[in-house]
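Encoded as structure tokens, the structure appears first; notes follow it.
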Amino acid sequence: MQGTLYPRELAARGIEAVIPTDDDQDLVHAAIFDELVHGIFRDETRTSFVDLIGRLAESGCDAVALVCTEIPLLVSPDDSPLPVLDSTRLSGQAALEVALGTRDLPTWRGGQFR
């Protein structure tokens, strides 16, 4: 959440990235590494994520990006107060489109990503 990739790439497309507060980042980090990666999916954790997404909606966000593979296992689009952008599904869809020839293969060849 503190990396520059998503905010930079979204900004290049005219989209502002809103990063959760430090306390909310701590909540997300703990949920991922203390629960989700161990296959623990608690209703209380789901509720805390839905509450966080609700606060982001109240602050003016139009959608939420779930950019960790485990989070969509906890929070479904039906649970979320905002439309969900699931980075795992979006990456998989893009890979399929490349494989089917309906999207060009990215040209990045290593090194620093933009």
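Would you mind telling me which numbered condition in (1) surrounded by 15 or more Cβ atoms within 10 Å (Cβ to Cβ); (2) touching a helix residue (DSSP H, G or I) at 6+ places or on another chain (Cβ under 8 Å) residue 56 fails?
(2)
Is it the case that the range 29-45 has a residue that's of a type in the set (S, T, N, Q) and either loosely packed, with under 12 Cβ neighbours inside 10 Å or at positive phi (or both)?
Scanning the range 29-45 turns up no residue that is of a type in the set (S, T, N, Q) and either loosely packed, with under 12 Cβ neighbours inside 10 Å or at positive phi (or both).
Being at pLDDT 90 or above, surrounded by 11 or more Cβ atoms within 10 Å (Cβ to Cβ) and not in a helix (DSSP H, G or I) is the filter here; which residues of the range 1-20 pass it?
The answer is 15, 17, 18, 19, 20.
Can you tell which of 73, 66 is in contact with an Asp or Glu (Cβ under 6 Å, 6 or more places away or on another chain) and closer than 18 Å to residue 90 by Cβ?
Only one candidate passes the filter, namely 66.
What pairs can you find where one residue is in the range 38-66 and in a loop (DSSP other than H, G, I, E, B), the other is open to solvent by less than 50 Å² (accessible area, probe 1.4 Å), and their Cβ atoms are less than 8 Å apart, with a gap of 6+ or different chains?
Once the first residue is in a loop (DSSP other than H, G, I, E, B) and sits in the range 38-66, its partners that are open to solvent by less than 50 Å² (accessible area, probe 1.4 Å) give 41/35; 41/74; 42/35; 61/82; 62/82; 63/82; 63/84.
Of everything in the range 77-92 that's modelled with pLDDT under 95 and among the small types (Gly, Ala, Ser), which residue is least open to solvent (accessible area, probe 1.4 Å)?
87
Would you please list the contacts, defined by Cβ atoms under 6 Å and residues six or more apart or on different chains, that run from a residue in the range 68-96 that is under 17 Å from residue 27 (Cα atoms) and part of a loop (DSSP other than H, G, I, E, B) to a residue that is among the hydroxyl-bearing types (Ser, Thr, Tyr) and open to solvent by 30 Å² or more (accessible area, probe 1.4 Å)?
69/88
The values are calculated or read from the model by the stated rules, or taken from the named source; none is laboratory data. Being a predicted model, the structure only gives us computed values, none of them experimental. Glycine also receives a Cβ, built like all others from the backbone with ideal geometry; neighbour counts cover every protein chain displayed. These accessible areas exclude ligands, DNA and RNA; they are computed on the full protein's heavy atoms, side chains included. Shrake-Rupley method; radii C 1.70, N 1.55, O 1.52, S 1.80 Å.
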